[in-house]
């Protein structure tokens, strides 16, 4: 019998939501290995959705039973994992968005044509209809149902092997367990009580996303370029985060955020702690996509399959903000005065640079990517304000943006050109709102929410973070945020004007009616954007009630 060994107490009940997601992901890997190929699509989609729903139900039970618990009962795995209010809030948000993204991944009506069609004329010549040199397929394959992912991710784009996989109707069903591993990592990322567990969670959520970004069915080379950029820059960010972890250990002798914060209360020499905070902040700001660390966002969001883009723009940002808030509020609150100038500079640069770049874009998907970066700046206005009110406002902002961003990117996928590809250029969307009023109205509502127009969730979210920052004296951030919001309204309204007041081009795109796998998540996202603009108090109260870290 070993004496003096302190074994961690594992509370499987409070860990159950994450364990369910990881467990279903492992089962999905086994299904991929042993299930017949014809049954994999339905099995993987059903299994992934059932696992996420089960995790949501379990999370509801955990949140209900933990409401009156002492703080000590929320500390799990000897402090490595925490089940406090912000952690459960972020986990719930990640699961809600992940369910919509998983359903969206299963959509098979939008990409019925695997690639631009090459047909044989009466004279015997082969003519390519749309597309590029890496997107060629016979006309006989035009009616094959397909999803947004390449039929064979391990093959060279446009090769004979990929063409054969497309003709055979293969589906890359491993995307479902990969997505579940990423979702599990996101749930853990915002719930970590020590930096080593946070680094592991960072890698667990990132590695599947690197693969998923390179699996787009269309524009394969652009997709693989996005995957490579994300991987290389993500590897640097992870290494920098790990260096910060080492310096934090050197400053405090512990990797626990609570112990690091306690050490800074009594430690006069904070050199290592300041270096640690700088390095950790760089790694976390990369994941949220802040300037200058978010240079990967536009290229990756544009090149990745749209369901993956929707997941990254919403769930990944929610998880990253959960981790960033925990590091700032629990680990390094004593360095707030030292870190404030740098964090303010990052927030201001993110708002200004992303807004200016978004104005110059002619592609809606790329514009929404820069918009995503600008909203990171708005959320940072609350995140760098180390108060309880700002914490609740930031959680509310992230939640509102997550549902709106998911719906916006998903809605882009229904607009298709003559070759069956997504059409996202602003010029091509001219007159779309008059020909398809429902799509135009939904996109207009989402764009107005991004701009912060009243009666939308975006207005309430910006008002909440700006109010919290102003109460703490951060008026420079508020002024810059308001000015950038006014400028941003231009490029959002420009799309609305094009949809309803411009004449359509000769080769105007069409709207493909998707299945309920896509229409339901879009409808829910649009409805929540409107509801949170008219009746926001329930979510504001919830975010405010959970705005307290256990430590």
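The table below lists the values:
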| item | result |
| --- | --- |
| Answer residue from the range 328-362, given it is in contact (Cβ under 8 Å) with a residue 24 or more places away in the chain and outside any helix (DSSP H, G or I) and is farthest from residue 301 (Cα to Cα) among those | 332 |
| Residue within the range 70-89 that is at pLDDT below 70 and either in a loop (DSSP other than H, G, I, E, B) or within 28 Å of the chain's Cα centre (by Cα) (or both) present | yes |
| Residues of the range 1-41 that turn out to be surrounded by fewer than 12 Cβ atoms within 10 Å (Cβ to Cβ), under 28 Å from residue 106 (Cα atoms) and modelled with pLDDT under 95, as a count | 5 |
| Qualifying positions in the range 239-257 - part of a helix (DSSP H, G or I) and over 12 Å from residue 327 (Cβ atoms) | 239, 240, 242, 243, 246, 247, 249, 250, 251, 252 |
| The one condition in (1) touching a helix residue (DSSP H, G or I) at 6+ places or on another chain (Cβ under 8 Å); (2) closer than 24 Å to residue 193 by Cβ; (3) at pLDDT 85 or above that residue 103 fails to fulfil | (2) |
| Filter result for residue 212 (over 18 Å from residue 318 (Cα atoms) and in a helix (DSSP H, G or I)) | yes |
| Residue check, residue 201 modelled with pLDDT of 90 or more, in a helix (DSSP H, G or I), closer than 19 Å to residue 328 by Cβ and in contact with a strand residue (DSSP E or B) (Cβ under 8 Å, 6 or more places away or on another chain) | yes |
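The values are calculated or read from the model by the stated rules, or taken from the named source; none is laboratory data. Everything quoted here is computed from the prediction, not taken from an experiment. So basically every Cβ, Gly included, is an ideal-geometry build from the backbone, and we count neighbours across all protein chains shown.
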